[in-house]
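Every read-out reported here was derived from the displayed coordinates using simple, explicitly stated rules and does not represent laboratory data. Only a predicted model underlies this, so the values are computations on that prediction, with no experimental measurement involved. As a convention, Cβ positions derive from the backbone with ideal geometry for all residues, glycine included, and neighbour counts pool all protein chains shown.
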Amino acid sequence: AGGASAGIPGALSNQPPGAVTVPEQAGAATAEEAAASGNVRKQATRNFELDRTISHTRHQVGVVKRITVAVVLDNLLVPAAEGAESNEPQSVPLTDAEMERIRILVRDAIGFDAARGDSVTVVNQPFRKYVPEALADIPPPPLWEQPWFWDLVKRGAGFLLVIFLIFGVLRPILKKLADSGRDDTMAALESQLGEGLLAGSGAEGETPDVTLTGASNPLLPGPDASYDQHLDAVKSMVADDPRRVAQVVKTWIANE
């Protein structure tokens with residue numbers, strides 16, 4: 001064959017390879033591909049909220065559209081002129097200058113605005129004097145409505161209560177106590193007198209005239225002495241000389 005190419009005529013494998021061209025930036029392309037093939041992260045946020053608008057509205061409280069003012073002034077009071085019949089002050093109307101000055105004062109006070117249609121009216125008019133009517137005489141209040149009456153009633157009621165306690169409660173109690181003490185005293189006196197009568201009666205039944213009176217006896221109280229003093233004197237005499245007392249009692253009985 002002499003070193004000639006062998007093969008099937010017309011096949012690509014029997015054709016020699018073409019010229020190969022090597023690019024100069026082969027390394028750069030490789031670096032870009034390597035970078036492109038690394039981890040890449042992308043993040044995006046999308047909100048589907050509705051838009052909201054907040055508004056604050058402050059409405060006006062009120063609007064003054066028009067001001068209308070009316071002022072009525074009384075007359076001036078001036079002293080009475082010399083030689084006048086009455087000394088009472090006289091009522092004199094205001095002058096035009098005074099009225100205008102007051103009108104200006106009112107306009108400045110209310111904030112008068114002619115463009116707004118405000119109006120101010122000042123009138124001078126004498127006021128009617130009030131004359132009080134004579135009051136009818138008020139009758140005096142009845143006796144039981146007087147303040148001193150109830151004070152007197154309270155004092156009288158207290159006085160009557162004290163009188164009732166003294167004569168209705170205390171006096172019967174004291175009288176009962178006095179009567180009981182007097183009964184006890186008389187019983188003791190009678191017992192002592194009985195003993196004296198028995199001891200003083202003689203065999204012959206003679207009764208000498210014996211008396212207890214005498215200025216020289218210090219045991220007897222005076223005529224102005226009280227009942228208790230007389231009773232005490234009799235008790236002491238009965239205790240000292242019961243026989244003599246018995247003779248006196250016998251004399252009284254014989255005289256009766």
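Exactly which trypsin sites (Lys or Arg not before Pro) in segment 65-128 are in a DSSP loop and have at most 12 other Cβ atoms within 10 Å?
Values: sites: K65, R66, R101, R103, R107, R116, R128; in loops: K65, R66, R116, R128.
Passing sites in segment 65-128 are K65, R66, R116, R128.
Could you tell me the relative contact order of segment 57-155? Use alpha-carbon pairs under 8 Å, at least six residues apart, and round to a whole percent. Walk me through the numbers on the way to the answer.
Values: 84 pairs, mean separation 32.1, N = 99.
RCO, segment 57-155: 32 percent.
5 Å is the cut-off here: which amide hydrogens, built 1.01 Å from N in the peptide plane, fall below it relative to N124, excluding neighbours closer than 5 in sequence?
Counting only residues 5 or more places away or on other chains, the set is L73.
Under the 0.36 nm per residue contour assumption, what length would be gained going from the current alpha-carbon distance of E145 and L76 to full extension? Don't skip to the end; give the middle numbers.
Working: separation 69, 0.36 × 69 = 24.84 nm, distance 4.91 nm.
Going from the current span to full extension adds 19.9 nm.
Based only on other Cβ atoms within 10 Å, what is the fewest-to-most ordering of I102, I166?
Values: I102 16, I166 11.
Ascending number of Cβ neighbours within 10 Å: I166, I102.
What full-extension length gain, to one decimal in nm, is calculated for H230 and R103 as 0.36 nm per residue of separation minus the Cα-Cα distance? Could you put the intermediate results ahead of the total?
Details: separation 127, 0.36 × 127 = 45.72 nm, distance 11.09 nm.
Separation in residues times 0.36 nm, less the Cα-Cα distance, equals 34.6 nm.
Students often check this: by mean Cβ neighbours within 10 Å, which of 143-151, 78-86 ranks highest, and how do the rest follow? Numbers along the way, then the final one.
Working: 143-151: 9.7, 78-86: 8.0.
Packing proxy ranking, top to bottom: 143-151, 78-86.
How high is the FRET efficiency from V69 to T95, r the C-beta distance, R0 22 Å, rounded to 0.05?
Efficiency, rounded to the nearest 0.05: 0.55.
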